[in-house]
Amino acid sequence: MNSLILRTAAQYLLPIMLLFSVFLLLRGHQEPGGGFVGGLVASAALILYAIGYDTAALRQVLRCDPRMLIGVGLSVALVSGLVALLNGQPFLTGQWVSWSVPGIGEIDVGTPLLFDVGVYIVVLGVNLTITLSLLEQ
Amino acid sequence: MNTLLVLPILIPLATATVATLSWRKPALDRWLGLLGAAALLGVSIALLWRVRAEGIQAVQVGAWPAPYGITLVADLFAAIMVLLAGLMGLSVAVYSLVSIDRGREVFGYYPLLHVLLAGVCGAFLTGDLFNLYVWFEVMLIASFVLLTLGGERAQLEGAIKYVTLNLLSSAVFLTAVAILYGVTGTLNMADLHNKLATVPAGVTTTVAMLFLITFGIKAAVFPLFFWLPASYHTPPVAVSAIFAGLLTKVGVYALIRVFTLLFLQNPAYTHTLLLWIAGLTMITGVLGAIAQHEFRRVLSFHIVSQIGYMIMGLALFGLSASTPLAAFSLAASIFYIAHHIVVKTNLFLVSGIAHQLRGSYELKDLGGLASRPALAILFLVPALSLAGLPPLSGFFAKLSLIQAAFGGRYFAIAAVALTVSLLTLYSMTKIWIEAFWKPAPSANNGQNAVRDKYHPVLLVPVSALALITLLIGLSAGPVFDLSVEAAQQLQDPRGYLTAVLGETAENQKRFEHDARASLSSPSAASVEVWPRAGDRP
């Protein structure tokens, strides 16, 4: 598609939507959000970019085959479950550490977040794989 | 804490993950697939060993306690099924080494195969109905792609029927799960077993019928089987073989699980219906097979007819209530499943070799294969076993089922089982005469490449499975004893309940109390039940 308006908008929307997707991802543990929605928003951002410019531009931005993202995301999610086994607990048991960050206070970081990150990457990878193969046909 | 129980799901998932990362390197994927399948088989043997030695194993995934979290449970029946899945996985992984074309490999054949195995093992091991639904979906999505991978016209045509019917079945499944949750407030199967006792029989029977429809579609019983012969002969033979061996059996497994653990309130209705379905499935399947003249379509119709036998054991179990005969009927069913998975996968693998030699699955184009004695014997072992000739595994499977029918004085179903068995023999004889005995058709119309050789690696899984068929037949005693043990665990669910929900009666009371609280004030209960990250376990 050759539309100046869409191209200009996509250029500005891409970083904003990606930031928002990360916000959704981090917020997901206790409030609405999470890896799945975050991944959807991120893929929407990148697909918008691909429609505004072309798929080659998207591939350049991505720097890797979207199918690799599926594998990476799955491994991250899998590892997040395996951590518990090392501690002698059942698979997928949440492992938490508290982190005191100056200015923000105490924050809990745990394997459920890692799992969500995995989901985020898988959703992104799957969506981009599907859309790219449709767009490039 | 029981890691062994998680491994049959984790290993195929991990294999699929790593295979996805090496997407563009089929050679690496091939060996990874083999390694993963071998590891799965190893773990499943260890699991069966452990369950037999130490009783039913359970693990609460994520350490969320029983009726709220997801429980994985392995009783003997589940462990036997996981072992069979591991065995079929490895056989097909070996067979795939030399029979899957590069195009399919590059488009993710190996990751999908292992996702399929993960789904199958997950469905066998889960103790939670909604989780069962999820594993069914994992398995179905992988099977959709495996079925259409390659995009040949026949494949897509078969896939449309397969996908439509299976999606319909999933929708019914979800509805049934939702109603059950609405009625009882739980989906943990052990917990459901306790709670369903207080639910009016009419409601339970309705839900039971919904489950019968959904698992009936997946298990391909009469009258919901037609998607199976329409699709199973279209993908590459390695895919057909694993579908034929495992997928419908997951449906049968789910039927046996819910109709032994959950829905025994009104067996005079539900299990009589199952008995009718069993008989009609056997007959329609075998009659369909007689009308077919394509190697894999004949075999597909026989899957349907054999499913009837497995359901027959389940039906007889419910109808003879808590007598020793009930355990015997169910044991016959379990033995039948074990025998059938091995034999049917093997027959499909043999049809693939025939295809390599003659370039066709049509019986009229085949012929002259009897000049290869090894191949001929490797066909005869599973074929005669399927028909039920002694001393092969199928003989003992059918014998015990028919004994069970006589024991309960259900003579009609015994007569049906015997007749269908004879007609199965007819079908196998047809394949034997057409594909093996008659001389090779001289004029091949120049279409099909006739080759002298097939890849010798293809013989490895085929002979291994034939050997297992023989072994099951020759050591039918010990194998049947194992099936009886598994059936007794299903008949008397106390062991299962204790393994899932914990020892004490106090525990039970607490669960019931929580359930009442959640019924009266859902919001209060959800706060109480759902721990926040702050007070993590």
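Every number in this text was worked out from the coordinates using simple rules, so none of it is lab data. Remember, predicted model here, so these are calculated numbers, not experimental data. All Cβ positions, glycine included, derive from the backbone under ideal geometry; neighbour counts span all protein chains shown.
Here is how the numbers come out for the structure above:
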| item | result |
| --- | --- |
| Relative contact order (percent, whole number), the range B:293-373, Cα cutoff 8 Å, 6+ residue spacing | 36 |
| Loop GluC sites (Glu not before Pro), the range B:130-177 (other Cβ atoms within 10 Å of the site Cβ: 15 or fewer; DSSP) | B:Glu152 |
| Long pairs among B:Lys195/B:Lys344; B:Lys430/B:Lys453; B:Lys218/B:Lys344; B:Lys344/B:Lys453; B:Lys249/B:Lys398, criterion Cα-Cα beyond 28 Å | B:Lys195/B:Lys344 |
| Helix-only [θ]222 nm of the protein assembly as shown, DSSP H runs n ≥ 4, -39500 (n - 2.57) each, per residue, nearest 500 | -24500 deg cm²/dmol |
| Rel. contact order, % - alpha carbon contacts under 8 angstrom, at least six apart, chain B | 15 |
| Backbone HN-Hα couplings from phi across the range A:19-36 [Karplus 6.51/-1.76/1.60, Hz, Gly and Pro as x] | 4, 4, 5, 5, 4, 4, 4, 6, 7, x, 5, 10, 10, x, x, x, x, 5 |
| Charge dipole (debye, nearest 20) of the range A:4-135; +1 at Cβ of Lys and Arg, -1 at Cβ of Asp and Glu | 380 |
| For B:250-256, mean number of other protein chain Cβ atoms within 10 Å | 0 |
| Surface/4 estimate of mean projected area, convex hull on alpha-carbon atoms of the range B:244-305, nm² | 4.3 |
| Within chain B: Cβ-based charge dipole about Cα centre, in debye rounded to nearest 20 (Lys, Arg +1; Asp, Glu -1) | 960 |
| Alpha-carbon spread of the protein assembly as shown, three principal axes, descending order, Å | 83, 67, 40 |
| Per principal axis, descending, Cα span of the range A:4-135 in whole Å | 54, 34, 23 |
| Crossing angle, helix A:111-135 versus chain A [Cα axis fit, 0-90 degrees, rounded to tens] | 20 |
| A:Val22 paired with B:Ala197, simple spin-label distance in nm, labels 7 Å along Cα-to-beta-carbon | 5.5 |
| Cα→Cβ-extended label distance, 7 Å offset, between B:Ala412 and A:Leu135, nm | 6.3 |
| Between the range B:456-484 and the range B:13-63, the Cα center-to-center distance that results, in Å | 22 |
| Shielding by other protein chains, B:54-65, mean Cβ within 10 Å | 3 |
